[in-house]
Each structure stands twice: as C-alpha cells, then as structure tokens.
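The next block holds one structure in the form of structure tokens; read it before the comments.
The values are calculated or read from the model by the stated rules, or taken from the named source; none is laboratory data. Nothing here was measured: the structure is a model prediction, and the numbers come from that model. Here Cβ is always computed from backbone atoms with ideal geometry, including for glycine, and neighbour counts include all displayed protein chains.
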Amino acid sequence: MIKRVRPAVDEAISAGGGTSRDGQPISYNRSSIPELRPWISRLYATVVTAPDDYRLSCGLLNDTCFLRIQLQGEWTAETGRGPLAYARAALFFGPQSRRMPVSVTGSFTSIGVSLRPGACHAFKGPKIPEHVDAIVRAEDIGLSSEALIERFPDDADPERWLQELEAVVRERVEAAGGAEPDPVTRHFESVCLADPNLSISEIAEQCGVELRKLERIVRRDFGMAPKQALRRARALDMASHLRGVADQAEAEDLILRYYDQSHLIREFVDLFGMSPGQFVARPQPLLTLALESRQARRLEALERIVPGQVRPWQ
C-alpha cells in the first residue's frame, strides 16, 4: 500500500491558515452558524503569499458547488467547457467529476462558501447537472460580481469575510422562503460522508423511496449518478489520507474500501489523472487545502469532533 505523504509543502509559498503536523497547508475554514447549516457545507478563507512571478500548478476535485470570491491572483483553469482565465472575480464553481487542473500566479486570496447538495435546487438557482466541471461568473447565476466583491474589503479579517459570506447565503435563504434541501438528498450526502461503499439499493431502502426516484434526486442535486458520487466520495477520503489531512485512526477502514491495490490505482488514475504513488510524490497545495476542509466538515457531520475542535491532523 502507498505510504502517506511526507512533509512536502512547496517552500515558495506560505498559506495564512497554517499547516498540519505533516507540513500540509491548511486554510482558515469552519462550519457555518447553526441556522445556516441546512444550506452551507463549509466556509473558507485562504491567503497565500508568493513571489509575483511564481506559478503554482495544481488542481481541484470538490464534491459540492462553491461561490468563490477571488480577491487576488492570476488564475487559469481547464474546465469542462474549455480553458478559463480570471483574476479578481466572483465565481460559481460547479462540483467536479474528476480533478480539474488549476493554476495561479503570484500571491492570492480566495474566499468561498461550499453549498450543500440540494441547496441550489431549494434556492431555485443554477441547475447542478449543467454546472458539473464548470466555472461561471456570478452574473450567470443571478448575482452581481461587482456588488459581491465590494462586500469583501481586501484588508478585512478572514472571520469577517466568512461572516459576510453567511450574510450572502442568508439573503438567498430568505428569498427562497426558507426552503431546505430534499430529505433524500440529505441522507445520501450523509452516506457519502459515512459509508460510500453502501449499495444504491440499500440507500434507497433507507430513504423509503424507489431506486429510480433516488437516482433522479441524486442526479438533480449532485449532478451525477449515485454510484459516481459514492465513488468520488471514497476517492476523496483516500486522497485525504494520502495527503496527511485525515484521521489516521480510520486509515485501515479507508484502505479496505478498495478491493485491492489495482482497484485503488484504477480509481485514482480515472479521478485524479495519476496513480496513488504519483499523487503522494507530487506537491498539491490547492487540492490539499480543499481536502482538509472537506475532512473537517466530514468529521463534524459524523459527530467525531465538534465545530472549532482541534482536528486529528493538526
């Protein structure tokens, strides 16, 4: 089995959120205030300093959509709709079906809120299947980029930024009359976090719905078939383990989700575009930031830690 990553943060950058015990970058991220948790998965703020001409090439693989406010940095991304270049902008990122190559030049500041599956449907907002592997301007989902960016002063404290993001989401909740994600969606999300090896038929039975209805709801709110979403969840947990931002107490359980080494290799090559060995050897600061935030959300959702508690990898 592939060994976990050793300290491998690129010395050319420094992330404002600190690092894990293994030297992996960590953003400032937290759960939302309790009344917004039905719609918000996670909030984060990342401030990274780097030489003006330093180019960081990495990637993202997120299982939720994001509203991101990019205050600094020259970014490029290879989206499902083709290459995209952007700088200071307010953007909507759909969930990714596989690793999306992303690069940034110079120092950067990125602030974002991850929306729970089903939140966009409850808001009568963007249709998730149309935005998988896509990045669009805020205007494309009915928001104003200029107005959003003005709400996030460059010199504000990261916690102030996250509170403002909560205010943005609260406005959407109020406009939607408080409509919440479908209970089936919420249960499927919990399965993705707790046991993504469950069969689809078992999950449908737990939800008390027919298999076809489960598949329809999951496609609507996750943007993909249930099996694909579970496969991605399994890979994200394993990737977090390999990058040193997971609870090592469950390392064996994460490994045993795969039938054998060849199964693990096939899934990693398909979803990340590289083998587990290559994944460990290659510096991946941006992806590690996203994985760490997701694992914090996961452990809180499973009630293994409480919001604000020191995480096992810190």
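So the values come out like this:
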{"quantity": "Selected residue [under 19 Å from the mean Cα position of the chain (by Cα) and free of Cβ contacts under 8 Å to residues at least 24 places away in the same chain] from 254, 287, 271, 291", "calculated": "254"}
{"quantity": "Positions within the range 79-130 being among the hydrophobic types (A, V, I, L, M, F, W, C) and without any contact (Cβ under 8 Å) to a residue 40 or more places away in the chain, in sequence order", "calculated": "85, 87"}
{"quantity": "Among residues of the range 147-179, those that are touching a residue at least 24 places away in the same chain (Cβ under 8 Å) and either loosely packed, with under 14 Cβ neighbours inside 10 Å or of a type outside the set (Lys, Arg) (or both), counted", "calculated": "16"}
{"quantity": "From the options 296, 233, 249, residue that is touching a residue at least 40 places away in the same chain (Cβ under 8 Å) and touching a helix residue (DSSP H, G or I) at 6+ places or on another chain (Cβ under 6 Å)", "calculated": "233"}
{"quantity": "Subset tally (residues that are outside any strand (DSSP E or B) and either touching a helix residue (DSSP H, G or I) at 6+ places or on another chain (Cβ under 9 Å) or among the acidic types (Asp, Glu) (or both)) for the range 42-70", "calculated": "6"}
{"quantity": "Only listed residue being at pLDDT 95 or above and assigned to a helix (DSSP H, G or I), chosen from 78, 74, 35", "calculated": "35"}
{"quantity": "Residues being touching a residue at least 12 places away in the same chain (Cβ under 8 Å), farther than 28 Å from residue 169 by Cβ and not in a helix (DSSP H, G or I) - total across the range 180-206", "calculated": "2"}
{"quantity": "Residue selected from the range 89-131 under the condition over 21 Å from residue 289 (Cβ atoms) and among the aliphatic types (A, V, I, L, M), by the criterion surrounded by the most Cβ atoms within 10 Å (Cβ to Cβ)", "calculated": "119"}
{"quantity": "Among the residues listed as 113, 104, 169, the single one being hydrophobic (A, V, I, L, M, F, W, C) and over 23 Å from residue 32 (Cα atoms)", "calculated": "104"}
{"quantity": "Search result, residues across the range 259-314 that are aromatic (Phe, Trp, Tyr) and touching an Asp or Glu at 6+ places or on another chain (Cβ under 9 Å)", "calculated": "313"}
{"quantity": "Boolean, residue 141 is crowded, with 16+ Cβ neighbours inside 10 Å and under 18 Å from the mean Cα position of the chain (by Cα)", "calculated": "no"}
{"quantity": "Among (1) surrounded by 22 or more Cβ atoms within 10 Å (Cβ to Cβ); (2) free of Cβ contacts under 8 Å to residues at least 40 places away in the same chain; (3) not in a helix (DSSP H, G or I) - the single one residue 209 does not satisfy", "calculated": "(1)"}
{"quantity": "Test: residue 41 is polar (S, T, N, Q), modelled with pLDDT under 95 and within 29 Å of residue 172 (Cα to Cα)", "calculated": "no"}
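This table checks each residue for (1) under 16 Å from the mean Cα position of the chain (by Cα); (2) surrounded by 16 or more Cβ atoms within 10 Å (Cβ to Cβ).
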{"residue": "196", "(1), (2)": "no, yes"}
{"residue": "199", "(1), (2)": "no, no"}
{"residue": "220", "(1), (2)": "no, yes"}
{"residue": "229", "(1), (2)": "yes, yes"}
{"residue": "232", "(1), (2)": "yes, yes"}
